[in-house]
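**Student:** Mind having a look at this structure? Questions to follow.
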Amino acid sequence: ERVLAGYVMANSKFDWGSVVGGVRVEKVSNRGRSLATIPGVTGEIEASSSTTMAFPSLHMNFDIEDDKKLRVGFTSGAARADYDQLRPNVVVNDTNQSISGGNPAVKPERAYGVDAYYEWYVQPQGYFMLGAFYKKVEDVLYTSRRTFGSNALDTGGIDRSGYAFSGITNGGSGRIYGFEAVAQ
């Protein structure tokens with residue numbers, strides 16, 4: 001796995017507060033080679049992939065008063081599968097009638113969020129915060145468990161199409177949102 005990344009940002013200050021914006025760009029290249037472990041058959045499998053992603057962010061900080069702030073932000077990010085989950089490997093267990101393996105074609109899970117927070121720094125000491133957030137997630141990563149449903153790994157007269165298969169894959173999309181408050 002090779003990751004090349006860079007980040008560019010700008011920061012502007014105003015009488016009313018500040019704005020910070022930026023973008024992180026990542027190029028992730030994976031190449032994997034492994035042995036298919038199937039009773040009676042061993043063969044090498046190779047797979048590669050390359051993805052370039054950009055993650056913009058923007059934060060605005062408003063100075064309502066010296067001790068009161070309003071912060072509004074937009075962020076984006078991604079979660080990649082672990083390298084061992086991306087390997088092009090296949091392991092067959094005839095005793096347990098199971099097949100497991102990596103998925104070199106799985107995409108990163110992407111997230112986009114917005115939030116807004118009001119903060120009050122109470123004098124002589126104390127803190128109060130009230131906030132709201134929303135995050136959208138796409139291509140959610142999860143471990144799929146299903147019937148294998150293919151004769152691609154049948155050898156030596158053994159039908160493995162009905163074996164239980166597990167491996168990482170992408171799901172649909174979802175969202176999470178809510179409110180939070182803190183008093184200290």
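**Student:** Which ones in the range 145-184 are of a type in the set (Ser, Thr, Tyr), part of a strand (DSSP E or B) and either over 16 Å from the mean Cα position of the chain (by Cα) or closer than 30 Å to Val72 by Cβ (or both)?
**Tutor:** Pass one, the range 145-184, residues of a type in the set (Ser, Thr, Tyr): 147, 150, 155, 161, 163, 166, 169, 173, 177.
Filter once more, keeping what is part of a strand (DSSP E or B): 147, 155, 166, 169, 177.
Thr147, Thr155, Ser166, Tyr177, listed by residue number.
**Student:** Against the definition (in a loop (DSSP other than H, G, I, E, B) and surrounded by 13 or more Cβ atoms within 10 Å (Cβ to Cβ)), how does Pro104 come out, yes or no? Spell out how you get there, then give the answer.
**Tutor:** On the way: in a loop (DSSP other than H, G, I, E, B): yes; surrounded by 13 or more Cβ atoms within 10 Å (Cβ to Cβ): yes.
In short, yes.
**Student:** Of the residues in the range 75-90, how many are open to solvent by less than 70 Å² (accessible area, probe 1.4 Å) and modelled with pLDDT of 85 or more?
**Tutor:** Taking the range 75-90 first, the residues open to solvent by less than 70 Å² (accessible area, probe 1.4 Å) are 75-79, 81, 85-86, 88-90.
Next cut, modelled with pLDDT of 85 or more only: 75-79, 81, 85.
Of the residues in the range 75-90, 7 are open to solvent by less than 70 Å² (accessible area, probe 1.4 Å) and modelled with pLDDT of 85 or more.
**Student:** Could I ask something else about it? Residues Tyr134, Tyr112: which one is surrounded by fewer than 14 Cβ atoms within 10 Å (Cβ to Cβ), within 20 Å of Gly73 (Cα to Cα), modelled with pLDDT of 95 or more and aromatic (Phe, Trp, Tyr)?
**Tutor:** Details: Tyr112 fails: surrounded by fewer than 14 Cβ atoms within 10 Å (Cβ to Cβ).
Residue meeting the stated conditions: Tyr134.
**Student:** Could you check how many residues of the range 137-161 are open to solvent by 60 Å² or more (accessible area, probe 1.4 Å) and either in contact with a Leu (Cβ under 6 Å, 6 or more places away or on another chain) or not charged (D, E, K, R) (or both)?
**Tutor:** Looking only at that region, the number is 9.
**Student:** Of these, Asp63, Asp84, which one is touching a Gly at 6+ places or on another chain (Cβ under 9 Å) and part of a strand (DSSP E or B)? Full working, then the answer.
**Tutor:** Working: Asp84 fails: part of a strand (DSSP E or B).
Just a single option satisfies the conditions, and that option is Asp63.
**Student:** So Ile45 passes all but one of these: (1) at pLDDT 95 or above; (2) in contact with a Pro (Cβ under 6 Å, 6 or more places away or on another chain). Which condition number does it fail?
**Tutor:** Only one criterion in (1) at pLDDT 95 or above; (2) in contact with a Pro (Cβ under 6 Å, 6 or more places away or on another chain) is unmet by Ile45, namely (1).
**Student:** Okay, moving on. Can you tell me which residue is farthest from Asn170 (Cα to Cα) among those in the range 91-101 that are in a strand (DSSP E or B) and open to solvent by 40 Å² or more (accessible area, probe 1.4 Å)?
**Tutor:** To start, the set of residues in the range 91-101 that are in a strand (DSSP E or B) comprises 91-93, 98-101.
Checking which are open to solvent by 40 Å² or more (accessible area, probe 1.4 Å) leaves us with 91, 93, 100.
On the way: Val91: 20, Asn93: 24, Ser100: 16 Å.
Going through the qualifying residues, I end up with Asn93.
**Student:** Tell me, please, whether a residue that is of a type in the set (A, V, I, L, M, F, W, C), within 26 Å of the chain's Cα centre (by Cα) and more than 30 Å from Gln123 (Cβ to Cβ) can be found in the range 64-76.
**Tutor:** Yes, the range 64-76 contains a residue that is of a type in the set (A, V, I, L, M, F, W, C), within 26 Å of the chain's Cα centre (by Cα) and more than 30 Å from Gln123 (Cβ to Cβ).
**Student:** If you check Val92, Val182, Val114, which single one turns out to be of a type in the set (A, V, I, L, M) and closer than 23 Å to Ala54 by Cα?
**Tutor:** Working: Val92 fails: closer than 23 Å to Ala54 by Cα; Val182 fails: closer than 23 Å to Ala54 by Cα.
Matching residue, one of Val92, Val182, Val114: Val114.
**Student:** Given the criterion on the phi > 0 side of the Ramachandran plot and surrounded by 14 or more Cβ atoms within 10 Å (Cβ to Cβ), identify the matching residue among Gly17, Gly32. Steps first, please.
**Tutor:** Working: Gly32 fails: on the phi > 0 side of the Ramachandran plot.
Residue meeting the stated conditions: Gly17.
**Student:** When the residues of the range 107-144 are narrowed to those that are touching a residue at least 24 places away in the same chain (Cβ under 8 Å), in a loop (DSSP other than H, G, I, E, B) and out of contact with any Lys or Arg (no Cβ under 8 Å at 6 or more places or on another chain), which ends up farthest from Gln85 (Cα to Cα)?
**Tutor:** Going through the range 107-144, the residues touching a residue at least 24 places away in the same chain (Cβ under 8 Å) turn out to be 107-123, 126-144.
Okay, now just the ones that are also in a loop (DSSP other than H, G, I, E, B), so 107-108, 121-123, 126-127, 139-140.
Still in the list and also out of contact with any Lys or Arg (no Cβ under 8 Å at 6 or more places or on another chain): 107, 122-123, 126-127, 140.
Values: Lys107: 12, Val122: 48, Gln123: 51, Gly126: 46, Tyr127: 43, Val140: 14 Å.
Step by step, filter the range 107-144, then rank; the result is Gln123.
The values are calculated or read from the model by the stated rules, or taken from the named source; none is laboratory data. In this text the structure is predicted, and so the values were computed from the model without any measurement. When we count neighbours, we look across all protein chains shown, and the Cβ atoms used for this are built from the backbone with ideal geometry, even at glycine. What goes into the accessible areas is simple: the full protein's heavy atoms, side chains included, and nothing from ligands, DNA or RNA. Shrake-Rupley method; radii C 1.70, N 1.55, O 1.52, S 1.80 Å.
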